[in-house]
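This report refers to the structure that appears directly beneath it.
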Amino acid sequence: MRLKLRDKPLAVLDMETTGLDPEIHEVIEVALYIPSRDFTYAQKIKPEHIETAQPEALAVNGYTPELWVDALPAREVFEVVNGLLQDCVPLGQNISFDLGFYNATCKRLDIKPSLDYRHVELYTLAYIHLVPHGLNSMSLVNVCKFLGITNEGAHAALADVERTWAVYKRLRAPSWLDRLRWAWAGRKAR
């Protein structure tokens, strides 16, 4: 039975990678949160080709062989993630980037992706609601800073999922008071 769109749960998704190209680089950490089920999953993934990694990406993600010693193989993680995301609508900050890696990894592992083709992009909400009030960069760090949301643990998949969800809750249906606060914050930032 196919679910109607209104019955498909949101899944906040974030992936940390060894670089920017999903055809060359790998996912080394994945986290997701399905709010309607109050369910969280996070797992480090053992890279198969660390030699192709971009050093800058590894530095941003905090990758060290010691921290990834208990990481699981990509197939094991993606089989779980793919099952958890069955019929979900993904939500994320720059979700197109994560979906590129999700789809490329599923293809490489011969796993049929189970995500809905529609997605919710947090960049769009930030652009609509915050840029007019003075937000100059739509990075998750800057959006959180603008909204007064902690940036602790930035660039770790689970922390980014938690921050993405916090931002989404603030931006999905802002009140007039929220808009007034954002206008005031934007004036102070100028």
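Tabulated data for the structure shown
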| read-out | value |
| --- | --- |
| For the range 77-188, alpha-carbon Rg relative to the globular expectation (2.2 N^0.38 Å, N residues) | 1.20 |
| Accessible area per residue, Å², the range 49-190 with all protein chains present, probe 1.4 Å | 55 |
| Expected 222 nm ellipticity per residue - DSSP helices of 4 or more, -39500 (n - 2.57), all of the chain, to 500 | -12500 deg cm²/dmol |
| FRET efficiency for Lys169 and Arg2, using Cβ-Cβ distance with R0 set to 35 Å, rounded to 0.05 | 0.80 |
| Cα-only radius of gyration and Dmax that characterise the range 126-173, units Å | 10.2, 29 |
| Ala11 long-range amide H proximity, modeled H, under 5 Å | Val89, Leu91 |
| Surface share of carbon and sulfur [accessible, 1.4 angstrom probe, percent] for the range 1-102 | 55 |
| Residue-by-residue Karplus 3J(HN,Hα) for the range 57-68, coefficients 6.51, -1.76, 1.60, Hz, glycine and proline x | 5, 5, 5, 4, 7, x, 5, 9, x, 5, 6, 9 |
| Cut-off 17 Å, label 7 Å out along Cα→Cβ of Arg187, residues of the range 132-175 by amide N | 132-135 |
| Given charges at beta-carbon only (K, R positive; D, E negative), |dipole| of the range 4-158 in Debye | 620 |
| Relative contact order of the range 39-137, defined on C-alpha pairs under 8 angstrom at six or more residues apart (%) | 27 |
| Listed residue pairs exceeding 23 Å between alpha carbons, taken from Lys44/Lys112; Lys145/Lys169; Lys8/Lys145 | Lys8/Lys145 |
| The chain: C-alpha gyration tensor shape, a/c 1.5 cut-off, then a/b vs b/c | oblate |
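The values are calculated or read from the model by the stated rules, or taken from the named source; none is laboratory data. Given the structure is predicted, the values throughout are model-derived calculations rather than measurements. A quick note on method: Cβ atoms are made from the backbone with ideal geometry, for glycine too, and the neighbour counts reach across all protein chains shown. Protein only, heavy atoms only, side chains kept; ligands, DNA and RNA dropped before computing areas. Shrake-Rupley method; radii C 1.70, N 1.55, O 1.52, S 1.80 Å.
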